[in-house]
Amino acid sequence: MKNKISFIRRIVQIVSFVLLIYGGYIFKTRLYTETGEKLFPKLKAPEGYISTTKFKEGSILWPSGTNPVLENYPPSLVCRFAPKGGLFKACIFHFISENLTWQTHIKYLLPHFTLFILLCFLFGRMWCGWVCPIGSLGDFITSIRKKMNIPVKRFPDSFKSSLRFFSYGIMVISFFISILIGIPNFKRFQCYWFLPYCQICPARLICPIFGLIKPGWKDFETVITSMFTILGWLVMGIFLAAFYFGRRIWCHLCPVGLINSFFNKGSGIELKKRAISCNKCGLCTDACPMGLKDMYEKDTNGIYNQNGCIMCLRCVEICPKEGCLSVSFFGKKITESKFR
Amino acid sequence: MKRYNTFIGQQYLKILKYLTDKRKNISFDYKNEIEKYRKASDLKTMNYLYEVISKKKINIDKPIVGYFCKTIPEEIIIAVGATPLRLCNQDIYCAEIGEEIIPGDICPVIKAICGYLQNDIKIDLLVIPATCDGKTKLAEILTPIFNDRIYFIDIPRNSDYIENIDLWESAYLKFYDYLKNRFKAKPSRKELLSVCKMTNKRTEIFRKIYQLRGEKTGIINSFDYFILTSASFYLSPSDWSEHAEILYKELLGKVVKQNYRKRILLAGSPIIFPNFKILEIIEDSNCYIASDILCSGYGHLFDPVKIDEETELGIIRALTLKYIAPNLCPCFLGIDKLLNAILENMDKYTLDGVVYYNLRLCNVFEIEIPILKDILKNKGIPLLVLKTDFSREDIGQLKTRLEAFIEMLK
Amino acid sequence: MIKAGIDIGSVTTKCVIVKDGVIFGKAITKTPLNIEKAIDNVLQKAIEEAGIKEEEIKEFVSTGYGRKQCKKANRFITEISAVAKGGHIFGGKKSCLIIDVGGQDTKVVEVNDRGLVTGFLMNDKCAAGTGRFIEIMSNILETDINGFSSLAMSSKNPIKINSTCSVFAESEVISLITSLTPREDIAAGLFNSIALRITTMVRQFKNIDRILFCGGGAKIPALKYYLEKNIEKELFVLHEPQFVSAYGAAMIE
Ligand code: SF4
Ligand code: SF4
Ligand code: SF4
Ligand code: SF4
């Protein structure tokens, strides 16, 4: 069948979108057995510290549900603000920022973190390409653009690397703020500066909207919340525009994807190239939603898990030379490029 | 093509008129050759294809767009409702006529084209790419005959995707717009896509035959194979795939009788009927061409259009990535592709050696040879260069070389 | 075992009779239009010299440009393989490069230490750099090949001849003669230009430590001298250079 990989990916994306956004509705209660609770302890704010549950309806960080179905943090944008608590607790960025503020003891964090690393190790950044609901939404927007016969806008490499630089900036700044407000002396800043990235993350707005819940999208109570609200709009605008014009350009900026990308090299899922089969047609880089070039440019056999690669496998699918690009999972070949 | 001095044009027209008269005495049908090759063939389906070649069967209901070289996108020509006809030609008599228009040390293919255009086929538009020096100047030489019926595509000669994709895209777009205006057609995206599907079908069946040929020694002799690929110049993609499909079925059921001594890869200059000299030499010394990477066969049919985004621009872009980027033609920068193609074929079909056919005076092919020699030597792949032209008197010498090469392979 | 090797070149036909690797009889004649006759002719002469009967010859291998015309032969090999084999045996069974300057073609063959050909080059259609060219030039200078050679050796300052094409070289030489250039210098210039042409062929091979020289051209001292000068290596002229191919053919397994 033509476009087999894309087809499977679409299905996986739709299923995970439904599960991740509507998980709270579908399962209603926590799906945790007792051992599960023991294995992955619920992380709570210590006495006197802020947590998302303390925000009231209409404010920026208002979660529409308090109890997620599963108390875990997978490596993609599974949002804290998904309706009715969502399927998972939150994304890894939320997890890190929150616990930096709460100064949670490492023994409670370790199981969560181990699971995260394990998931990353298994699938690398495949989470971005196949699971992340925001990415899926973006792909959907892209397909609308295609239908409307609007050509994709391609950005130069320098722009993409500056986005990555920004992404680092966002990560470092928000972790820094999170640590800062965890210091007892700065406690009073907590209610404004808690989870700084969440306050501007587009998922915070998008996830509730899809669950037909009004997100906290116009919180003008104080100067700082107004600032975050407006910043949130801006980022949302960037997000929509990015997906509309330039495929996955947004994913160069997303700090969650950034954390995920650290594990891309050396993960179980491997993108491989057999150099002598390549005819240098450039289709792979032309079709790559992240606009990566290595698999076209380089002439060595081996693994091509680049940092930016979201493992969407579009390149493998489109490469017209049999066996040139291939995917393997821990050395076992799953599929390879072929012409049919 | 307007920048042409009409004064010089008159000169050419005079010569051409003289040549048209001269041409009447020459027969172009190559009955003997066709018979010779057809006898060597043991495939029934080939009969029709031989006929296509000898009678030059083309669909003349639609306007005909003649073009040279593998870098012209057939798909958009078909989409605007015209018939593409690849005019690349290696006719010895045509070359003789062409000699009178452009004498001197010029590539014989260019000369043959000049002579060939004095043909009965009425060409509504002639598309010439700037792939080599000869073709570039050809556009000027032919202006007096074709006037405004010439379109010149300027294709940058660096086939690196990253550097030149935008230039290719704009060149193709311009061509597409021109065609749309000229033939008063506005093909929809769907139509374009369906044409692409058609050529992809052709690629698919070609790849099957290509692979079968590589895997089973002796399944198809080289005359048949090159007649098959040359027929794709005349037949529409759907017609061609139909016949190729039948041929493929016949090949699957075929029992191979002949024993070949060696399996070789043929690379280098294009081989187009009737210039099958090299093939004759190779067949005579009982060598099997298990694989080829020539632009008249592999280059013309092997690459598919793979469309990433089905927008109009996306399709045009995909076409450039079919026609220009993977091009092995030495006129372009990027010998790494040629090496990859050679190494891959050697590896995939476990071949014994490479025969590099170098058409004399097509200099770009010759320039490649030292690099190729060096690299292939390091990889332990034997390479034989056969340098020759259309004339037949050096067949003995070439045979000696080929045989010495085969003896060397043992 | 007695074997015969016959090398039908474009200018001369050579035949050797070999018994257990040793040459017993050999003969050479000009190749006329009727090749069959020449074959019979040299074969008879060689058999006479060897003192055997024709029936005793177990294998009959022919090589060279007219090899397919030889009806008696039960094997055909190309002159490349033949000269490689012969050169390898004569040259002491080591890896080497063999230059064979024949009547109408010049070959450079690379042989590894097991006597296998690893690469070869032949001159193109054109006769430049072959024995024929030397012959034509000696005619223009009104001497024979030996005289031509000794003329070239006696030159003090060889002039530069730009054309290697025999037709152009001819007119160039004639104009040099009329401008009263010494014949010695012209001859030397001509040899130099042939040697240059062969040198470019030799340069395409990497392993040029040991170079053997055979074929009719190896009998011309001036050619050897100027080749050595251009390649900057010593050439070993093989014993009986003209018979190397025929011997190689007879020795082929
Ligand atoms: S708002 Fe963004 S960063 Fe915060 S939990 Fe949701 S997805 Fe994660
Ligand atoms: S990088 Fe893109 S796909 Fe990955 S988590 Fe961020 S938004 Fe989702
Ligand atoms: S490199 Fe391939 S798998 Fe990775 S993002 Fe680009 S197209 Fe997808
Ligand atoms: S799509 Fe495949 S053949 Fe084309 S450049 Fe990429 S890896 Fe090479």
*A:Ile177: over 30 Å from A:Arg10 (Cα atoms) and either within 16 Å of ligand 2 (Cβ to nearest atom) or at pLDDT 85 or above (or both), yes or no?*
yes
*Applying the selection to segment C:104-140, what residues are over 26 Å from C:Asp209 (Cα atoms), open to solvent by less than 60 Å² (accessible area, probe 1.4 Å) and either within 14 Å of chain B (Cβ to nearest Cβ) or out of contact with any helix residue (DSSP H, G or I) (no Cβ under 6 Å at 6 or more places or on another chain) (or both)?*
C:Cys126, C:Ala127, C:Ile134
*Criterion violated by A:Ile144 - all others in (1) under 30 Å from A:Ser64 (Cα atoms); (2) crowded, with 20+ Cβ neighbours inside 10 Å; (3) within 14 Å of chain B (Cβ to nearest Cβ) satisfied*: (2)
*Pick out the one residue from C:Ala84, C:Ala50, C:Ala73 that is crowded, with 16+ Cβ neighbours inside 10 Å and at pLDDT 85 or above.*
C:Ala84
*When segment C:53-75 is examined, which residues are found to be among the small types (Gly, Ala, Ser) and either free of Cβ contacts under 8 Å to residues at least 24 places away in the same chain or on the phi > 0 side of the Ramachandran plot (or both)?*
C:Gly64
*For segment C:156-203, name all the residues that are open to solvent by less than 60 Å² (accessible area, probe 1.4 Å) and at pLDDT below 80.*
C:Ile161, C:Ser163, C:Thr164, C:Cys165, C:Ser166, C:Ala169
*Name every residue in segment A:306-340 that is under 23 Å from B:Lys337 (Cα atoms), open to solvent by less than 30 Å² (accessible area, probe 1.4 Å) and in contact (Cβ under 8 Å) with a residue 60 or more places away in the chain, in order of residue number.*
A:Val316, A:Glu317
*asked:* I want to confirm something. Restricting to segment B:290-305 and keeping residues that are within 11 Å of another protein chain (Cβ to nearest Cβ) and in contact (Cβ under 8 Å) with a residue 60 or more places away in the chain, which single residue is nearest to B:Thr71 (Cα to Cα)?
replied: B:Gly299
*Every residue from segment A:52-62 that is open to solvent by less than 10 Å² (accessible area, probe 1.4 Å) and within 21 Å of A:Thr29 (Cβ to Cβ)*: A:Thr52
*Identify all residues within segment A:283-315 that are in contact with a Ser or Thr (Cβ under 6 Å, 6 or more places away or on another chain) and within 12 Å of chain B (Cβ to nearest Cβ); write none if there are none.*
A:Lys293, A:Tyr296
*What is the residue count in segment B:308-357 for residues that are over 17 Å from the mean Cα position of the chain (by Cα) and more than 16 Å from ligand 4 (Cβ to nearest atom)?*
14
*asked:* Quick test for you: out of A:Glu37, A:Glu71, pick the one residue that is open to solvent by less than 30 Å² (accessible area, probe 1.4 Å) and more than 22 Å from A:Met171 (Cα to Cα).
replied: A:Glu71
_A:Thr104 - would you say it is part of a loop (DSSP other than H, G, I, E, B) and surrounded by fewer than 21 Cβ atoms within 10 Å (Cβ to Cβ)?_
yes
_So in segment B:357-410, with the set limited to residues that are of a type in the set (Lys, Arg) and more than 21 Å from B:Pro274 (Cα to Cα), which one is surrounded by the fewest Cβ atoms within 10 Å (Cβ to Cβ)?_
B:Lys410
*Any chance you could count how many residues in segment A:303-330 are aromatic (Phe, Trp, Tyr) and either more than 8 Å from ligand 3 (Cβ to nearest atom) or not assigned by TED's automatic domain parsing to the domain that holds A:Met290 (or both)?*
2
*Consider A:Trp193 carefully, then state whether it is more than 25 Å from A:Leu20 (Cα to Cα) and within 16 Å of ligand 1 (Cβ to nearest atom).*
yes
_Take the conditions touching a residue at least 60 places away in the same chain (Cβ under 8 Å), buried (at least 17 other Cβ atoms within 10 Å of the Cβ) and part of a loop (DSSP other than H, G, I, E, B) and apply them to A:Tyr49. Does it pass?_
yes
*Single residue of segment B:204-217 satisfying the filter (open to solvent by 10 Å² or more (accessible area, probe 1.4 Å) and in contact (Cβ under 8 Å) with a residue 24 or more places away in the chain) that is farthest from B:Leu266 (Cα to Cα)*: B:Glu204
*Taking segment A:292-305 as the search range and keeping residues that are within 12 Å of ligand 4 (Cβ to nearest atom) and open to solvent by less than 10 Å² (accessible area, probe 1.4 Å), which one is nearest to A:Trp130 (Cα to Cα)?*
A:Met295
_Conditions first: (1) part of a helix (DSSP H, G or I); (2) crowded, with 21+ Cβ neighbours inside 10 Å; (3) modelled with pLDDT under 85. A:Ile224 passes all but one, so which condition is the exception?_
(2)
*Quickly run through segment A:156-195 and pick out the residues that are among the charged types (D, E, K, R) and either free of Cβ contacts under 8 Å to residues at least 12 places away in the same chain or outside any helix (DSSP H, G or I) (or both).*
A:Arg188
_Hits in segment B:195-238 (condition: within 14 Å of another protein chain (Cβ to nearest Cβ) and under 22 Å from B:Gly314 (Cβ atoms))_ = B:Cys196, B:Lys197, B:Thr199, B:Asn200, B:Lys201, B:Arg202, B:Thr203, B:Glu204
*Among what's in segment B:179-188 and is loosely packed, with under 15 Cβ neighbours inside 10 Å and either over 18 Å from B:Ile315 (Cα atoms) or in contact with a Ser or Thr (Cβ under 8 Å, 6 or more places away or on another chain) (or both), pick the residue that is nearest to the other protein chains (Cβ to nearest Cβ).*
B:Asn181
*Give the residue that is least open to solvent (accessible area, probe 1.4 Å), with candidates limited to residues of segment B:152-178 that are among the acidic types (Asp, Glu) and either within 10 Å of another protein chain (Cβ to nearest Cβ) or touching a Lys or Arg at 6+ places or on another chain (Cβ under 7 Å) (or both).*
B:Glu169
*So which residues in segment B:102-121 are over 19 Å from the mean Cα position of the chain (by Cα) and modelled with pLDDT of 75 or more, if there are any at all?*
B:Ile102, B:Pro103, B:Gly104, B:Asp105
*Does segment A:244-279 hold any residues that are within 14 Å of another protein chain (Cβ to nearest Cβ) and either more than 30 Å from B:Ile293 (Cβ to Cβ) or modelled with pLDDT under 85 (or both), and which are they?*
A:Tyr244, A:Phe245, A:Gly246, A:Arg247, A:Arg248
*asked:* If I filter segment B:313-333 for residues that are more than 16 Å from ligand 3 (Cβ to nearest atom), at pLDDT below 85 and assigned to a loop (DSSP other than H, G, I, E, B), do I get at least one hit?
replied: no
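The values are calculated or read from the model by the stated rules, or taken from the named source; none is laboratory data. For clarity, every value in this text was computed on a predicted model and none was experimentally measured. Using ideal geometry, Cβ is built from the backbone for each residue, glycine included, and neighbour counts are taken over all protein chains shown. All accessible areas refer to the heavy atoms of the entire protein, side chains included, with ligands and DNA or RNA removed. Shrake-Rupley method; radii C 1.70, N 1.55, O 1.52, S 1.80 Å.
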